[in-house]
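Enquirer: Below you'll find the structure I mean.
The values are calculated or read from the model by the stated rules, or taken from the named source; none is laboratory data. Quantities reported herein were computed from a predicted structural model and do not represent experimental measurements. Note that we place each Cβ from the backbone using ideal geometry, even for glycine, and neighbour counts take in every protein chain shown.
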Amino acid sequence: MSAKQDRRVERTKRDLKNSILHLIQEKQDLNRISITEIVEKANYNRGTFYAHYTDKVALLNEIMEEAIDGFIEAFRKPYHEKSMLDLHSMSATVIKIFDHVEQNASIYSLLFNNKIFPGFQQTLCYSLEKVFSKEIAFQDHAMEKINKDLYIRSQCFSIIGMLDLWIERNFEFSSKYMTSQLLEISNYKPINFKITKSKGQNESK
């Protein structure tokens, strides 16, 4: 395939993806979206669609895979070509995951909607977990007492949880603020917690 044909395929697939995303935004229901609607909105015919995808599920899967690949690429940037990463001295400017999500806000707003894309957050979390497990070795002696798998799972869900709340609140915070909060949370080591009970909780039943 020539470079010109490659670009044409990329443009066609991009148009089809944009089309279904716009329809999802309008209808908030995948079941109400037909192949005909997708191609009409993208100004193509059904033959063009089936030349690239078997059905709309295949199209959606590619959208999700690209989002996950982009997120993982952004996650890797702080330690790309580095042998050591010190969280305590890491600059906020090297963390790119929140920039990536903010730049693709419309897509992530849909993908994080559990009613439309059930399971996406979990899939993203597990993809992040694989990167943690394969690419990051912990050198802190305190980790000797901590189960690595449990620690990694908790950290990954923590990041996804931050993203979920950020998206839920319609990106009310800047990506810079979210990055600074991630660093603060990562470096926070509470000595103890004070638990305040309401009057009703203290009363015996």
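Residues are listed down the side, and each one gets a yes or a no for (1) modelled with pLDDT under 90; (2) exposed (fewer than 15 other Cβ atoms within 10 Å of the Cβ); (3) among the hydroxyl-bearing types (Ser, Thr, Tyr):
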site: Leu124; (1), (2), (3): no, no, no
site: Ser127; (1), (2), (3): no, no, yes
site: Ile152; (1), (2), (3): no, no, no
site: Ser174; (1), (2), (3): no, yes, yes
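Enquirer: Tell me, please, whether a residue that is under 22 Å from Pro78 (Cα atoms), without any contact (Cβ under 8 Å) to a residue 40 or more places away in the chain and in a loop (DSSP other than H, G, I, E, B) can be found in region 147-159.
Expert: Within region 147-159, none of the residues are under 22 Å from Pro78 (Cα atoms), without any contact (Cβ under 8 Å) to a residue 40 or more places away in the chain and in a loop (DSSP other than H, G, I, E, B).
Enquirer: Looking only at helices (runs of 4 or more DSSP H) that lie completely in region 6-116, which have at least 2 residues being over 30 Å from Asn187 (Cα atoms), more than 12 Å from the chain's Cα centre (by Cα) and at pLDDT 95 or above? Spell out how you get there, then give the answer.
Expert: Values: elements: 35-42, 46-50, 56-76, 97-103, 105-111.
By residue number, 35-42, 46-50, 56-76.
Enquirer: Counting only residues that are of a type in the set (Lys, Arg) and free of Cβ contacts under 8 Å to residues at least 12 places away in the same chain, which one in region 21-66 is surrounded by the fewest Cβ atoms within 10 Å (Cβ to Cβ)?
Expert: Going residue by residue through region 21-66, those that are of a type in the set (Lys, Arg) are 27, 32, 41, 46, 56.
From the residues that got through so far, the ones that are free of Cβ contacts under 8 Å to residues at least 12 places away in the same chain too are 27, 32, 46.
Details: Lys27: 13, Arg32: 11, Arg46: 13.
Within region 21-66, the match that is surrounded by the fewest Cβ atoms within 10 Å (Cβ to Cβ) is Arg32.
Enquirer: If you don't mind, another one. How many residues does region 165-176 hold that are in a helix (DSSP H, G or I) and closer than 17 Å to Ala74 by Cβ? Reasoning before the result, please.
Expert: Initial filter on region 165-176 (in a helix (DSSP H, G or I)): 165-168, 175-176.
Next, from what is left, pick out any that are closer than 17 Å to Ala74 by Cβ: 166-167, 175-176.
Residues meeting the conditions: 4.
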